[in-house]
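Single-structure report; data block below.
A short reminder: the numbers here are calculations on the coordinates, not readings from a lab. All values derive from a computational prediction rather than experimental measurement. Methodologically, a virtual Cβ is constructed for each residue, glycine included, from the backbone with ideal geometry; neighbour enumeration extends over all protein chains shown.
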Ligand code: ACM
C-alpha cells in the first residue's frame, strides 16, 4: 500500500524482480530529468544496491518504461479546487507492474512524476520483489499543501529542502511559507534594507533569527519546481506586524497591551489603513516578494488575528491589500478573517478556526476576553465566504494543525521528553488517528460539495519547535495523513489499513535521516532493511 491511497489498485499474480542492471527507458526527452531524479530518490529512500541504467529514449523491453499516455485514466473521478501555480494540469497517472516489466505513464510530466512517486514507494515498501499490480490514480483536490512557519523558528534552506522532499513523497504540491510575523522578517525588500537589518535578527525567545536571500529563494523555488511543488509566500498583515515595528516603528500602531492571567502582557502591532505611508510600504513589500516566488499565482496576505484593530480598519486594510495583489496580476489567499472584508469570489479563504476548537477554548476560564470576542466573530467567517462564492482552503485546527501535542505515547520511551515539550498546550493533544478519521467536506460546517473547496493545507507553527528534530517530530507521521485527505478519493479512510501503510513508511524515513514520532498507535515496520 502506498500513501496517499490510489483510486484503484488491481492486484495480479507474481512479482517483478528488480536486478542491479534493471534499466529505465524513457519515452520522451522531456521525461529524462524525471527518470534521473527518480533514480536518485530511490537511492536515498532505500539501501537497494540497484542503480537503474538509463537507456535514454527508446523502446527497450523489460525494466521500467516511462512514457506519456492516458490509457485507462478516464475512470479517475475529476479533481476539485484550484492550483497554486494557477495552471490546469492533469496529474493522473498509471503504474503497471508485471513479471517482465514496469510501466509508468501520465498525460503530463507532472502526472508521470506522481506515478514515479508511487513507484518509489512500492520499491521502498517491497524491496526488489514488487507484486504485480495495476494502479490508476489521480487527485481529489488540486491544492494540497503545508503552511510552514519559518518565523518563530528560522529554518535554513537545507531544512526547507527536507520539507519539500517530504511534501513531494506524499504528492503534496504546495509549500506555503509564512515569511513574516511579530518575531521576524525572513526575506529581502531591496529598497527597505531595514526589514532584514533590524526585523530578521530574532525569533521566539533567544533562538537565532535569519532570512532567505534572493539567491537562496531562487534555489528553493528551483528545487521545489523540480519536484512539482509550488512555493507560496505569505506576508502577514495588518496584525502580526511586530517585526515591521522593529524596522519602521513609525509605520505600526502599538495597540494597548493586554494583561494576561499569568501577569505577562500581550503587545499587538498593526498597520493603519488610513496612513498613506503604510500603503507605500505594502506596495514595496509586494513588489519585492512577488518576483521572488515566480511560480506562485497567489500572494497570501495573512489577515488573521488583527487583535486590537477595529473591524472597520481591518476590513479596509484587507480590501485595499487584496486590490493591490490583483493589480499585480496575482490572486489572493488569506486566513479566514479576510471574509469579514467582503472579498472577491476568486479569493481563497483559508479556514482554520473550527467550531470544535472555538468551543473548547472559549469554555476555559483563563482565556482572555479579547480572544473570546475574536473566536465569536470567527464563527461567521466561513458562512460569509461561502455566501460570496469563495472557495475554502481547508486547514481546520482540529485535524490539520500539526503543532498540536501528540496524544498517544511514543513506542520509544526516549521520545517522551520531546512529546511533553513540543506542541502548543493551548490545543487539546491529537492522535494520528484523529488526523485520519475526518473528511474535508463532511467535517467542514456549511460545505456540502468538493466544488466549494480549493484544497487541503496542513499547518505547522513553530513556537514550541527549537530544532529541526522538533519540527520533523511534528511533521512525521502527520504529513502523510494530510496528503491522504487532500489526494485520495477514498473516504472515509479505514484506519487499520492506513496504519499498516504508514508503518511501512518508517524504513524510508530512517534511510532519509528524518526524525519521526514513533506513535504507539502504529506497529512500525522496523525490521525491513533494504
Ligand atoms: C493562525 O493560526 N493564526 C492562522
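Taking the alpha carbon gyration tensor of the chain, multiplying each eigenvalue by 5 and rooting it gives semi-axes of 40, 24, 22 Å, largest first.
As a rough guide to protection, the peptides 242-255, 159-172 ranked by mean Cβ packing within 10 Å, highest first, stand as 159-172, 242-255. The C-alpha atoms of the chain define a longest principal axis, and helix 109-126 lies at about 70 degrees to it.
Estimated translational diffusion coefficient (Stokes-Einstein, Kirkwood radius over Cα pairs, 4 °C, 1.567 mPa s) of region 94-212: 75 µm² per second.
Exposure proxy shown here: for 381, 529, the number of other Cβ atoms within 10 Å sets the order, fewest to most, as 529, 381. Counting Cα-Cα pairs of region 268-353 in 10 Å increments starting at 0 gives whole-percent bin shares of 17, 51, 30, 2.
What is region 381-479's relative contact order, in percent, from Cα pairs under 8 angstrom and six or more apart in sequence? Relative CO of region 381-479 lands at 39 percent. Among beta bridges from DSSP that stay inside region 223-361, the antiparallel ones total about 40%. By how many degrees, 0 to 90 and rounded to 10, does the Cα axis of helix 276-292 deviate from the longest principal axis of the chain? Approximately 10 degrees, to the nearest ten. Given contacts defined as C-alpha pairs under 8 Å and at least six residues apart, what's the relative contact order of the chain, whole-number percent? Answer for the chain is 16 percent. Overall shape: prolate for region 306-442, with the ratio a/c of the largest to smallest alpha carbon gyration tensor axis at 1.5 or above and a/b above b/c. Take every DSSP beta bridge whose two residues both sit in the chain, then give the antiparallel share in percent to the nearest 5. Bridges in the chain are about 35 percent antiparallel.
Under the criterion of Cα pairs below 8 Å and six or more residues apart, the relative contact order for region 309-448 equals 21 percent.
Take every DSSP beta bridge with both residues inside region 155-289 and express the antiparallel ones as a percent of the total, to the nearest 5. If I count the DSSP bridges inside region 155-289, around 55 percent turn out antiparallel.
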